[in-house]
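Have a look at the structure below, then the notes.
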Amino acid sequence: MRFRSTRGAAGGTGGEVSFREAIFAGLAPDGGLFHPVDWPDLSDLFLRFDPGVEFSDLAGRTLHRLLAPEISGEQAERIARRAFPFSPVLRPLDPQVLLLELFHGPTCAFKDFGASFLACAMDEFLRQEARRAVILVATSGDTGSAVARAFHGKQAIDVVILYPSGRVSPLQELQLTTLGGNVCALEVQGSFDDCQKLVKEAFLDPQLRAKLSLTSANSINLGRLVPQSFYYIHAWARARETLRVSRSSADGTAPVGSPGVPVTFCVPSGNFGNLTAGVYAWKWGLPVESFLAATNRNDIVPRYLESGRFDPRASLHTLSNAMDVGNPSNFERLSRIFEGEVSRMRAVIHGESVSDPDTLQAIREEHEQSGVLLDPHTAVGVRATRRFLERYGRAAQPVIVLATAHPAKFGEIVREATGIDPEVPASLREVLGRSKQAVRMENRFADLSAFLLQRFAGG
Ligand SMILES: *Cc1c(COP(=O)(O)O)cnc(C)c1O
């Protein structure tokens, strides 16, 4: 499979790159996003996955089919096995809704899948070429911790994380600053925007570019997007088994889920990377009936689906803050898939926007009905699904809602809605006793440049 910029002209082979080139470059040279040139049909492979298939096994086999001959079967399998010591869990909420829990990784949110895969793929390629690279990231908290955890301990990579002093939560700061080893945290006396500006300047600086192999790991990287498609495929393969079990216990008269029957996925969305990954899986032949794009009040895409106008605006602050995006960058990829035609996108994607009061109500009601605690992002998805089912009647198959974060990551909001404190998983708790190690730095590019050169270029 080859990749090309979303802004490049269609047809011709100009500007095509390999997967390896795409992940180290991050952004295409023309400012667009890397995107597949064509769509291989993998449906025969998907049908061969049995319901008990292990996630890392499915990931390795799918990856090899996608990228051969660029990578060998052995490499694909090694990357997948290293990247995914954790798996998604499919759990019935009731006969009509299944939760696809994506929060069993080290930082308890779905971004662990993309970050861990990217780290393992980069490490594999760098070691093969006997090179090293420095990953530079600015973070406002959450993404940085997923990236830091994912790259921690990788032989061929050093990680430098810039975060705004005093503006990340105490738990997030510990997650960023207690890893040590190849992960270095810079505590910048400035805002998140200042951190981002410093990183951008570093990527443009000729001296740094000449002396260091600098690379990024942000969410638009193709190496974070592609692996997210694997859990849609896995959920579809697993659903056959899960549906059989849940139907026979909850509703013995409903038809048993069978292979090849299309499913509906609901995706709580902000920057639309997760949804785009699902649409990729569908383009490769996964039987999908439709996607439900669930947003909070930042409803740019649901409004596009209604009006046909893409109208980005400043983001609004909501309870599901990882989805507070006013100009979703992956829209460029989605739009390319549907050739810029809103009618084509409408045939596959429905939009729903959910307010903060409805989010809190969903957390409370779902807990009352099933005893399950939802984080606010997942609650947006479940609420949107309830509305969708009301509008279109019972779906032939349950809707699979992506549960994007563990409720304990948003414990205060969950407590406000239900009066209950979710239990904190061990992987979040383990940083609490450790001590912070960060290098304090003024918001000055000269200081960052000197630090990077001194540390990684020997002067
Ligand atoms: C990042 C994030 C989202 C949004 O995902 P996108 O790929 O940006 O649409 C949803 N929920 C949680 C918990 C997140 O961290």
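A few remarks follow.
- The loop-placed trypsin sites (Lys or Arg not before Pro) in the range 317-414, going by DSSP, that have at most 12 neighbouring Cβ atoms within 10 Å of their Cβ come out as R394.
- On the beta carbon distance between E416 and D94, with R0 = 22 Å, the FRET formula returns roughly 0.40.
- Charge-dipole axis of the chain as Lys and Arg at +1 and Asp and Glu at -1 on Cβ define it, positive-most pick from V263, T215, A239: T215
- In this simple spin-label approximation, R81 and M1 carry label points 7 Å from Cα along the Cα→Cβ vector, and these lie 2.2 nm apart.
- Proximity of backbone amide H atoms, modeled 1.01 Å from N, is registered between V288 and V263 at under 5 Å, excluding neighbours fewer than 5 places apart on the same chain.
- Per-residue ellipticity at 222 nm, computed for the chain from helices alone with -39500 (n - 2.57) per DSSP H run of at least four residues, works out to -13500 deg cm²/dmol.
- Computed from Cα atoms, the angle from the helix 228-250 axis to the main principal axis of the chain rounds to 30 degrees.
- The range 38-112 and the range 423-454 have their alpha-carbon centroids 31 Å apart.
- In straight-distance terms, cross-link reach from K283 covers every one of the lysines whose alpha-carbon lies under 21 Å from its own, apart from those fewer than eight places away in the same chain; here that gives an empty set.
- Under 5 Å, built H, 5+ apart or other chain: amide partners of G141: none
- Net length available on complete extension from S43 to R309 is 92.4 nm, with 0.36 nm assigned per residue and the Cα-Cα distance removed.
- Approximating the spin labels as points 7 Å out from Cα along Cα→Cβ, the Y392-to-L204 distance works out to 4.5 nm.
- Gyration tensor verdict on the chain (Cα atoms; rounded if a/c is under 1.5, prolate if a/b is larger than b/c, oblate otherwise): prolate
- Dipole magnitude of the chain, debye to nearest 20 (Cβ charges: Lys/Arg +1, Asp/Glu -1, about Cα centre): 640
- Segment K197-D447, extension gain: residue separation times 0.36 nm, minus the distance between their alpha carbons: 88.7 nm
- Label-point gap, in nm, between R131 and E289 - each point 7 angstrom along Cα→Cβ: 4.7
- Stretchable slack from E70 to L316, in nm (0.36 nm times residue separation minus alpha-carbon distance): 84.3 nm
- Dipole orientation for the range 92-177: of the candidates L93, Q155, G114, Q155 has the Cα lying most toward the positive pole (charges on Cβ; Lys, Arg +1; Asp, Glu -1).
- Cα gyration tensor shape of the range 327-459, rounded if a/c is under 1.5, else prolate or oblate by comparing a/b with b/c: oblate
- Contact order, relative form, for the range 62-119: 26 percent (alpha carbon pairs under 8 Å, 6 or more residues apart, mean separation divided by residue count).
- Lysines with Cα under 18 Å of K409, excluding same-chain neighbours fewer than 8 positions away: K111
Every number here is computed from the coordinates shown, using simple stated rules; none is lab data. This is a predicted model, so every value here is computed, not measured. No Cβ is skipped: glycine too gets one built from the backbone with ideal geometry, and neighbour counts run over all protein chains shown.
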